[in-house]
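A quick write-up on the structure given underneath.
The values are calculated or read from the model by the stated rules, or taken from the named source; none is laboratory data. Every value quoted in this text rests on a predicted model; they were computed, and no experiment measured them. Cβ coordinates were reconstructed from backbone atoms using ideal geometry, including for glycine residues, and neighbour counts include every protein chain displayed.
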Amino acid sequence: MYIIVIGGGKVGYFLARALLDEGHEILVVEKSPARTEFISNELGSVCVRGDGCEVSTLTDAGTGRAEMFIAVTGEDEDNLVACQVAKHKFNVPRTVARINNPKNEAIFKELGIDVTVSSTNIIMESIQEEVPTHSLTHLLDIRDKGLEIVELKIPADAKTVGKEIRELSLPPESRLFLIIPGQGKPRVPTASTVIQAEDQIIAITTPESEEALRTALRGS
Amino acid sequence: MKIVIMGCGRVGARLAGLLDIEGHDVNIVDTEAYSFRRLPAEFGGNALVGDGMDEDSLRKAGIEGADAFIALTQGDNRNVMGAQIAGHIFKVPRVLCRIYDPLRRELFNSLGIEAFSPTTIFAQMLKEKLETEPEEAK
């Protein structure tokens with residue numbers, strides 16, 4: 001597959017390297033002459049110097065035959081415009097933009113970018129998972145359906161410990177589908193499953209009912 | 001008319017002054033407070049430190065209910081992004097945008113952004129000036 005990567009910073013360089021290893025045809029477009037030289041020395045002649053938002057640069061890069069276009073510069077507006085130029089001028093079927101400001105995710109979707117990857121969100125979520133006191137962790141967002149898979153840990157002092165799941169007032173949009181007890185094997189919960197301290201509960205919910213789910217499961 | 005201007009450079013500040021004198025409700029946003037020194041002393045509109053690509057800053061600048069939005073920062077891509085947020089997200093009825101790069105301007109014009117390239121306009125103007133005799137020589 002011919003893939004064009006805009007931005008030859010750390011993300012662009014390692015992405016290009018990984019995609020090359022997978023056997024794809026890659027071209028990196030990078031503004032700075034020093035980075036262009038570095039990438040060419042490391043990866044061979046897969047890097048051109050230029051502005052990835054400029055139609056002329058993208059014409060020379062053969063964007064018309066690219067199957068995928070990935071913009072990973074450090075500036076959100078540059079990634080947006082590069083993807084829009086690729087999409088509307090060169091009809092690239094799949095455009096991916098890196099987002100630094102998490103707020104821009106919805107805006108980019110609205111403006112027609114196929115896939116957005118928020119590096120800030122990914123780092124924040126990974127860190128959240130490592131913070132033991134955090135009561136609800138996002139595991140996966142199913143964005144086009146407006147759903148998310150979350151994990152909750154039941155603290156020892158939760159009011160719900162010893163109660164059956166049918167006794168909890170779970171929000172209607174939420175479903176519990178796995179309980180990983182502090183000790184023992186994971187099990188699929190039923191209405192009569194009893195909540196125990198240190199249970200890890202995996203649930204599917206909507207962003208709106210996330211707070212209600214947390215309250216229902218922890219009883220506070 | 002309620003107008004939001006993004007970017008308080010020479011053009012932005014001058015335009016804000018002109019619209020303000022005519023009695024429009026002018027709100028100008030710039031990331032640097034220092035840029036507001038360019039506004040005329042008698043400027044009666046609002047000057048706000050904020051990012052014109054940020055929804056919250058735009059809300060503070062009164063983008064909801066604005067009649068027009070004009071993007072005039074030094075960055076073409078920033079202008080394009082600000083203009084699209086104003087047009088697509090906040091549904092501002094009139095959105096104008098400066099894009100220096102003529103090719104990019106063409107593309108975004110075809111995508112429904114009312115964009116102007118000072119590069120093209122000024123080059124054309126200079127060419128026409130050169131092709132006509134100067135006033136004094138007549």
Candidate set: region B:86-97, residues that are outside any loop (DSSP other than H, G, I, E, B) and more than 9 Å from chain A (Cβ to nearest Cβ); chosen: the one nearest to residue B:34 (Cα to Cα): B:97
Can you tell me which residue among B:52, B:62 is more than 11 Å from chain A (Cβ to nearest Cβ) and part of a loop (DSSP other than H, G, I, E, B)? B:62
Can you pull out the residues in region A:44-84 that are closer than 14 Å to residue A:19 by Cα and over 27 Å from the mean Cα position of the chain (by Cα)? A:44
Return the only residue of B:39, B:72, B:103, B:96 being hydrophobic (A, V, I, L, M, F, W, C) and over 20 Å from residue B:117 (Cα atoms). B:39
Kindly evaluate residue A:114 against the criterion of being more than 14 Å from chain B (Cβ to nearest Cβ) and among the acidic types (Asp, Glu). yes
Kindly indicate the residue of region A:56-74 that is of a type outside the set (Ser, Thr, Tyr) and buried (at least 18 other Cβ atoms within 10 Å of the Cβ) and also farthest from the other protein chains (Cβ to nearest Cβ) among those meeting that condition. A:68
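Here is a list: A:27, A:43. Which entry is of a type in the set (A, V, I, L, M, F, W, C), over 20 Å from residue A:97 (Cβ atoms) and more than 14 Å from chain B (Cβ to nearest Cβ)?
A:43
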How about region B:65-80: which of its residues are more than 19 Å from residue B:25 (Cβ to Cβ) and more than 8 Å from chain A (Cβ to nearest Cβ)? B:73, B:74, B:79
Among the candidates B:47, B:123, B:83, B:115, residue that is more than 10 Å from chain A (Cβ to nearest Cβ), under 16 Å from residue A:54 (Cβ atoms) and not in a loop (DSSP other than H, G, I, E, B): B:115
Filter region A:75-111 for residues that are more than 20 Å from residue A:49 (Cα to Cα) and part of a loop (DSSP other than H, G, I, E, B); the one that is farthest from the other protein chains (Cβ to nearest Cβ) is A:93
In region A:171-199, the residues that are at pLDDT 90 or above, part of a loop (DSSP other than H, G, I, E, B), surrounded by 11 or more Cβ atoms within 10 Å (Cβ to Cβ) and aliphatic (A, V, I, L, M): A:195
